[in-house]
Amino acid sequence: MGQNSRKERTGIVVSDGMDKTAVVLVERKVRHKKYSKTIKRSKKFKVHDEKNKCGLGDTVIIIETKPVSKDKCWRLVSVIQKAVK
């Protein structure tokens, strides 16, 4: 598994209450096999945020990494857009 084979996702921060951890909601669109309708699917990832720089509602890029803890195996790459407050 090389450096380029790591998965990268874009999502929105839905929780930033924990220290050095944020919860990011990633949405994707999937086509239904039988009915060919486009459906939204979402998943939440716990992300390692070393400097606590992302806030609630921010749009961020996350990347797959080796496990940091029991639930965290993603880390924050950058904040694309800060939330409007």
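Every read-out reported here was derived from the displayed coordinates using simple, explicitly stated rules and does not represent laboratory data. Since this is a predicted model, take the numbers as computed values, not measurements. Because the Cβ atoms are built from the backbone with ideal geometry, glycine has one as well, and the counts that use them run over all protein chains shown.
Below, the figures for the structure above:
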quantity: Residue list for the range 37-51, filter: closer than 17 Å to Ile80 by Cβ and of a type outside the set (Asp, Glu); calculated: Phe45, Val47, Lys51
quantity: Selection count, the range 73-85, where residues are under 13 Å from Gly11 (Cα atoms) and either touching a residue at least 40 places away in the same chain (Cβ under 8 Å) or not basic (Lys, Arg) (or both); calculated: 8
quantity: Candidate set from the range 16-67 (those that are touching a residue at least 40 places away in the same chain (Cβ under 8 Å) and acidic (Asp, Glu)); member that is nearest to Ser5 (Cα to Cα); calculated: Glu64
quantity: Given (1) in a strand (DSSP E or B); (2) touching a Ser or Thr at 6+ places or on another chain (Cβ under 9 Å), index of the condition Lys72 fails; calculated: (1)
quantity: Test: residue in the range 29-41 that is closer than 14 Å to Gly11 by Cα and within 12 Å of the chain's Cα centre (by Cα); calculated: no
quantity: Residues located in the range 26-55, provided they are within 20 Å of Lys70 (Cβ to Cβ) and in a strand (DSSP E or B); calculated: Val26, Lys43, Lys44, Phe45, Lys46, Val47, His48
quantity: So Lys70, is it without any contact (Cβ under 8 Å) to a residue 12 or more places away in the chain, exposed (fewer than 10 other Cβ atoms within 10 Å of the Cβ), in contact with a Cys (Cβ under 9 Å, 6 or more places away or on another chain) and on the phi < 0 side of the Ramachandran plot; calculated: no
